[in-house]
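Trainee: The following block contains the structure, expressed as structure tokens.
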Amino acid sequence: MTTMKGTIRFRDLETGVWMLEAEDGKLYVLAGGDRKIKKNGARISVEGDVDTESPNLAMAGPRFVVKSYTFL
């Protein structure tokens with residue numbers, strides 16, 4: 001399990017995709033969590049797993065499978 005801090009971003013790609021812009025500048029497509037996490041510009045701390053193997057439609061970065069999160 002990985003813990004990261006970053007900012008939630010909405011990208012208007014295909015049908016739209018929610019992403020985590022991590023503090024290290026890397027972008028991850030968010031998977032999991034609930035609809036409350038979908039707040040563009042919100043700062044969060046998130047725990048989960050980076051999934052580099054599964055394909056995603058957005059092709060905007062690896063998926064980050066959210067297990068839990070807290071807003072900062």
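Trainee: I'd like the residue in region 6-43 that is over 10 Å from the mean Cα position of the chain (by Cα) and part of a strand (DSSP E or B) and, out of all such residues, is surrounded by the most Cβ atoms within 10 Å (Cβ to Cβ).
Mentor: Among those that are over 10 Å from the mean Cα position of the chain (by Cα) and part of a strand (DSSP E or B), it is Arg11.
Trainee: Among the residues of region 23-40, is there at least one that is closer than 15 Å to Thr70 by Cα, out of contact with any Gly (no Cβ under 6 Å at 6 or more places or on another chain), of a type in the set (Gly, Ala, Ser) and at pLDDT 95 or above?
Mentor: Taking every residue of region 23-40 in turn, none turns out to be closer than 15 Å to Thr70 by Cα, out of contact with any Gly (no Cβ under 6 Å at 6 or more places or on another chain), of a type in the set (Gly, Ala, Ser) and at pLDDT 95 or above.
Trainee: How many residues does region 20-50 contain that are closer than 12 Å to Met4 by Cβ and out of contact with any Pro (no Cβ under 8 Å at 6 or more places or on another chain)?
Mentor: So the first thing to find is which residues in region 20-50 are closer than 12 Å to Met4 by Cβ, and the list is 20-28, 30, 43-50.
Retained after the next criterion (residues that are out of contact with any Pro (no Cβ under 8 Å at 6 or more places or on another chain)): 20-27, 30, 43-49.
Residues that pass the stated criteria total 16.
Trainee: Continuing with the same structure: Could you please find all residues in region 49-61 being modelled with pLDDT under 90, on the phi < 0 side of the Ramachandran plot and either small (Gly, Ala, Ser) or touching a strand residue (DSSP E or B) at 6+ places or on another chain (Cβ under 7 Å) (or both)? Let's see the steps before the verdict.
Mentor: Looking only at region 49-61, we keep the residues that are modelled with pLDDT under 90, and these are 51-61.
When the remaining residues are screened for being on the phi < 0 side of the Ramachandran plot, the result is 51-58, 60.
The answer is Asp51, Ser54, Asn56, Ala58, Ala60.
The values are calculated or read from the model by the stated rules, or taken from the named source; none is laboratory data. In this text, all values refer to a predicted model and were calculated from it rather than measured experimentally. Because the Cβ atoms are built from the backbone with ideal geometry, glycine has one as well, and the counts that use them run over all protein chains shown.
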